[in-house]
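One structure is given here, and the rest of the page talks about it.
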Amino acid sequence: MADQPVSSVPVAPEGLSLRARRFVETQGIRVRREDIRRHRDAWLDHGIPAAEIERAGVFQDRWGGLALPPAPFYEGGPRVLGADCPEETPAGGWSFLAGDCRVSMAYGFVIGPDGAFGIDARRWTPLHGSTEGWVESLALADHARRWATTVTRVTGRAVDVLDLGAFEPVPEVQGVTDSWWRGEDSLIAVYRGEAVALDAPQCLEALVYGGLDAWGLHGG
């Protein structure tokens, strides 16, 4: 079966917030994506379960070929989302690549056994509960940059002493290692993934977007 031609103008997958749908459809592009199910017989011969091949295929149907603007962290994130051959993890279960990196780096972007979106370096580190959460975080970062009057970067161990007592987690980003927090007039993005995956506390980083009105805090 041939690779699947698609329009370069993406249609956002269902299940995203209005803010994330706007982000995908106005700032993303779709490129040609591979029909990975054509490798099914060969992958089955190598012992890959049919259910895992289908799981990667469903991901490819939903996200494959979607290119989004660079993330504010993780060297910009995946260049283009797309599945590859599932691999069994040392701890059990199966994972597959979620997309190619923009630059050479010490980890890859991976979909874990439970569907979480994360990075695999010295250890598997889920960033968000799903790919939807990753895309929501990109959309929120783009929105916050546009509307904040101040942006403050916090690094290293100072991230651990941020006072989040007056903030609530932003649910749609499905934060696991990374998280977003909403306060009275501020949004805070906390990026812990590299610090955990690489055992490198110096990689802790947070961005504090201040001076936001009601639209800036939510935006959809």
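The values are calculated or read from the model by the stated rules, or taken from the named source; none is laboratory data. A quick note: this is a predicted structure, and the numbers were derived from the prediction, not measured. Ideal geometry is used to build each Cβ from the backbone, glycine not excepted, and the neighbour counts take in all protein chains shown. The protein model used for the area step is the full one, side chains on, heavy atoms only, and it has no ligands, DNA or RNA in it. Shrake-Rupley method; radii C 1.70, N 1.55, O 1.52, S 1.80 Å.
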Verdict on Phe96 being among the aromatic types (Phe, Trp, Tyr) and more than 17 Å from Gly193 (Cα to Cα): yes
Condition met for Val24 (of a type outside the set (Lys, Arg) and surrounded by fewer than 18 Cβ atoms within 10 Å (Cβ to Cβ)): no
Filtered residues of segment 74-93 (kept if farther than 17 Å from Glu194 by Cα, outside any strand (DSSP E or B) and open to solvent by 20 Å² or more (accessible area, probe 1.4 Å)): Asp84, Cys85, Thr89, Pro90, Ala91, Gly92, Gly93
Residues being of a type in the set (Gly, Ala, Ser), farther than 18 Å from Trp134 by Cβ and touching a Phe, Trp or Tyr at 6+ places or on another chain (Cβ under 9 Å) - total across segment 172-206: 2
Matching residues in segment 161-171 - criterion: being open to solvent by less than 100 Å² (accessible area, probe 1.4 Å) and closer than 25 Å to Val135 by Cα: Leu162, Leu164, Phe167, Pro169, Val170, Pro171
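Table: residues versus (1) under 26 Å from Val58 (Cβ atoms); (2) in contact with a Lys or Arg (Cβ under 7 Å, 6 or more places away or on another chain).
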site	(1), (2)
Arg102	yes, yes
Gly108	yes, no
Pro126	yes, no
Gly129	yes, no
Ala139	yes, yes
His143	no, yes
Arg157	no, no
Val161	no, no
Tally of residues being under 26 Å from Glu14 (Cβ atoms), in contact with a strand residue (DSSP E or B) (Cβ under 8 Å, 6 or more places away or on another chain) and either surrounded by fewer than 16 Cβ atoms within 10 Å (Cβ to Cβ) or aliphatic (A, V, I, L, M) (or both) across segment 30-56: 4
Any helices (runs of 4 or more DSSP H) falling wholly within segment 103-220 and containing at least 1 residues that are over 15 Å from Phe73 (Cβ atoms): 131-147, 214-218
Subset of segment 109-131 (residues that are out of contact with any His (no Cβ under 7 Å at 6 or more places or on another chain), open to solvent by less than 20 Å² (accessible area, probe 1.4 Å) and not polar (S, T, N, Q)): Phe109, Val110, Ile111, Gly112, Gly118, Ile119, Leu127, His128
Subset of segment 57-73 that is in a helix (DSSP H, G or I) and open to solvent by 40 Å² or more (accessible area, probe 1.4 Å) - its residue that is farthest from Asp142 (Cα to Cα): Val58
Residue list for segment 24-56, restricted to those being in a helix (DSSP H, G or I), aliphatic (A, V, I, L, M) and over 17 Å from Thr131 (Cα atoms): Ile36, Ala42, Leu44, Ala50, Ala51, Ile53
Residue match in segment 139-159 (condition: buried (at least 22 other Cβ atoms within 10 Å of the Cβ), touching an Asp or Glu at 6+ places or on another chain (Cβ under 8 Å), closer than 15 Å to Leu207 by Cβ and of a type in the set (S, T, N, Q)): no
Any chance Ala106 is surrounded by fewer than 15 Cβ atoms within 10 Å (Cβ to Cβ) and out of contact with any Phe, Trp or Tyr (no Cβ under 9 Å at 6 or more places or on another chain): yes
